[in-house]
1. What value in Å³ per residue do you get for the convex hull of the alpha-carbon atoms in the range A:394-524?
2. So how far apart, in nm, are the two label points at residue B:5 and residue A:556 if each is 7 Å from Cα heading toward Cβ?
3. Which pairs break 23 Å Cα to Cα here: A:67/A:457; A:51/A:457; A:51/A:376; A:350/A:376; A:67/A:376; A:376/A:457?
4. Can you pull the one-decimal nm distance between simple spin-label points at residue A:27 and residue A:180, each 7 Å off the Cα toward Cβ?
5. Shielding of B:47-56 by partners, i.e. mean partner chain Cβ atoms within 10 Å per residue?
6. Semi-axes, largest first, in whole Å: what does sqrt of 5 times each Cα gyration tensor eigenvalue give for the protein assembly as shown?
7. Given a Förster distance of 22 Å, report the FRET efficiency between residue A:65 and residue A:459 from their Cβ-Cβ distance, rounded to the nearest 0.05.
8. What full-extension length gain, to one decimal in nm, is calculated for residue A:210 and residue A:258 as 0.36 nm per residue of separation minus the Cα-Cα distance?
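Computed from the coordinates by the stated procedures, all read-outs in this text should not be read as laboratory data. Because the structure is predicted, anything quoted here is derived from the model rather than measured. For neighbour counting, all protein chains shown are included, and Cβ atoms are generated from backbone atoms with ideal geometry for every residue, glycine included.
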Amino acid sequence: MPCSGAGVCDRTRLRADVAPLLQLRARPLRIALVGNPNVGKSVLFQRLTGKYATVSNYPGTTVALTKSRAVIGAEVCDVVDTPGINLLEGPLTEDERVTREVLGQGGADLVVQVCDARNLRRALMLTSQLADLGLPMVLVLNMTDEARLRGVAVDAAQLSERLHIPVVETVAPEGRGLPELRAALPLAARPRAAHACGIEHGAWAGTMASQVRRIQPVPTGRFQEWLGRAVRQPLTGIPILAIVLYLTYLIVGVFGAQTLVGLLEDGLFGQYLNPVAVALVSAIPFTFVREFLTGEYGLVTMGLTYAFAIVLPVVATFFLVFGFLEDSGYIPRLAVFSDRLFRAMGLNGKAVLPMVLGLGCDTMATMTTRILGTPKERVIAITLLALGVPCSAQLAAIMGILGGISFSALLTLFGVVLSQMLIVGFLAARALPGDRSEFILELPPLRLPRLSNLVTKTVVRIRWYLGEAVPLFLIGTALLFVLDRAGALAALIQMARPVVTGALGLPSETAPVFVMGFLRRDYGAAGLFSMAESGALSGAQAVVALTVMTLFVPCVANLLMIIRERGARTGLAILAAVTVIALGAGTALNFGLKLLQVTF
Amino acid sequence: MQGPLPLTALRPAAAGRVVRVVRDLTGRSERLAALGVTAGASIRLLQRFPVFVFECDQTEIAVEGAMAAAILVEVDEDVRPRPSTVFRRRR
């Protein structure tokens, strides 16, 4: 290569420029972690900054920027974790646009490109485009352990020589190569790529990859290979899906919603905490305050009991199972089966990602719809999430109540909810203007999840749930208490009677629970849970009430997120549509069950 | 040796090299290129139903029929036989 000599000189000159550890800057050096989806940018971000970013094994876990400070050498830097991107040019989804904007609008002074060592050609195509930005770069070959297992060996030294930038090999989850990366950052330089050689990105990447990479075909683990095939082929994949769902039900619905809830609600709260609270509070001379803390709508007896005893156990077990599935790489494979179903609803198989994520939290999933190709697809997916996908906290209440009644009650609820989603999706696909995009999805390798990541992720999510939900539970309880005292609750019950008692066939006390359901669906559902427990709801009534609650918009936070992502007009239209559908479906279900005399 | 075939015409386990990806206004070729499916890439079909699943370089990719049809492949003659023998050959 005739150009290499000049390049090395270039690099030495740059090194002299950058090498001083302390430099006077107007603001901290901004380092962007950029790379193809699912190569481990977020793990590296955690390792560099010590700040947690959600990590999973599928493309699209990060859909927005995460920033944090880090000290590198003696310098304070701002590290930015970006959504994965394959190309800087051409048709981009909204999450990819986020990355392009950061890079294009001068949001970074230095680019650390992270790549999966197995997919060097793809990574180099991106390197070549990044090179055109003219920013100093460092290339990180991540997952070198997995690459080696697959018989892929990359000559990092030679690659560095040819690109004229530092190339560092890492295994991010174990922190291997991190000190080398920190040491390499001050040596970052502008890479020589396709344009410097006057050829096209793809051709350059192909040649470069073949020069520095050797692939020896190795037999992958027989079991891993068999499993990889079994989960994506319908004949074996669908039974496997059924087993996965059933195991999830056993862990979340039986162990979490029944065993743990029983222990916490009747045991810890029923026998110890609530009596102690009542005893402590009885010393307070004001009835009003006593009622506020431990009465029917008391902060402790209702708010805290709901949050910690009814919802928390299910949410925690769910997050654990969910984290396992996320990290295993199983979820994207569901897209293979569901593509045709989603096509009928104006979407494609990729939509399975936000839908399944919605089971964790609809608000987050609403943001994840950014990975979908067209605005039409995003509106449909957001509507379906708001309408039919129960979040973990709400699943808690559903499992808790209906698990105790019968399996057919559960099936009825999910049957009605799924059919509503299908109908709404089918109609929306035809009524809304715009197109659906064609299905294309990368299937990440199947992996055995790392226990440490699983535990961290679950703990972070539980903490997030506690921070997000508990305050709202308490505000909700306080609001109910005030409404009750002011006599407004009675008026409200009176007002809602035609709908609640007439159309839905529910006891009139359900009205305040529905009001709370507007604040957070799971809070309303927890209210139904305690009503069902005290025998105020019959089996059929519980099914109707929960179905209506599931079909409502999940919570205030979700509504705000919809408005943020799609604008107020679309947001309010979705809210109105979803409310009408919820009440309509509930009414139909009520009369249907009465007609057929189903009692569960 | 026959000319390039669309991926949709291949049997599972057939392998070869991408000759070209049909370029049109749908943006298909760009989206495939983003995942590394460009001329010269090695490719192996894994599954045809319910969607096409193939391995390109070291990446497993699922696409619907219309996209698979845009990928033109030169099939390796020696990896043509039935899937069962291919499996034995690989080990």
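1. Measuring per residue, one finds 213 Å³ for the Cα hull of the range A:394-524.
2. Reported label-point gap for residue B:5 and residue A:556 is 6.2 nm.
3. Where the Cα-Cα span goes over 23 Å, the pairs concerned are A:51/A:376; A:67/A:376; A:376/A:457.
4. Result for the modelled spin labels: 3.3 nm.
5. For peptide B:47-56, the averaged partner shielding equals 5.
6. Taking √(5λ) for each Cα gyration eigenvalue gives 50, 31, 22 Å.
7. My answer for the efficiency is 0.40.
8. Using 0.36 nm per residue and subtracting the Cα-Cα distance, I get 11.6 nm.
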